[in-house]
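Engineer: First the structure, then my questions, so here it is.
FYI, it's all coordinate maths here, none of it is from the lab. The structure presented is a predicted model; accordingly, all values stated were derived computationally and were not measured. Positions of Cβ are generated from backbone atoms using ideal geometry, with glycine treated the same way; all protein chains shown enter the neighbour counts.
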């Protein structure tokens, strides 16, 4: 039976943090886009305000996606470091 070391637990916890953070960023971006579209629906009388309101609404989705991508990269970098450490420990 394999017992996890402190560093393995730390790697797993770090991966979990980035997973939750990335998913939260994506969900908040989607929620804020929805709120922005509600504002857009209220601005149908003012055509000049419609463009900037749509832009801000879509920008929130972009920010959420950017957070998700950064967290995904960090999560997989941590996974790679963990696997490399495990292989290094086996070899040594």
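Engineer: Tell me yes or no: at least one residue of the stretch 27-43 is surrounded by 14 or more Cβ atoms within 10 Å (Cβ to Cβ) and part of a loop (DSSP other than H, G, I, E, B).
Structural biologist: Among the residues of the stretch 27-43, at least one is surrounded by 14 or more Cβ atoms within 10 Å (Cβ to Cβ) and part of a loop (DSSP other than H, G, I, E, B), which makes the answer yes.
Engineer: Determine which single condition residue 24 fails, assuming it passes every other condition in (1) more than 12 Å from the chain's Cα centre (by Cα); (2) surrounded by 14 or more Cβ atoms within 10 Å (Cβ to Cβ).
Structural biologist: Evaluating residue 24 over (1) more than 12 Å from the chain's Cα centre (by Cα); (2) surrounded by 14 or more Cβ atoms within 10 Å (Cβ to Cβ) leaves (1) as the failure.
Engineer: Another question about this same structure. Among the candidates 82, 14, 7, 57, single out the residue that is more than 13 Å from the chain's Cα centre (by Cα) and either exposed (fewer than 15 other Cβ atoms within 10 Å of the Cβ) or not in a helix (DSSP H, G or I) (or both).
Structural biologist: Only one candidate qualifies: 7.
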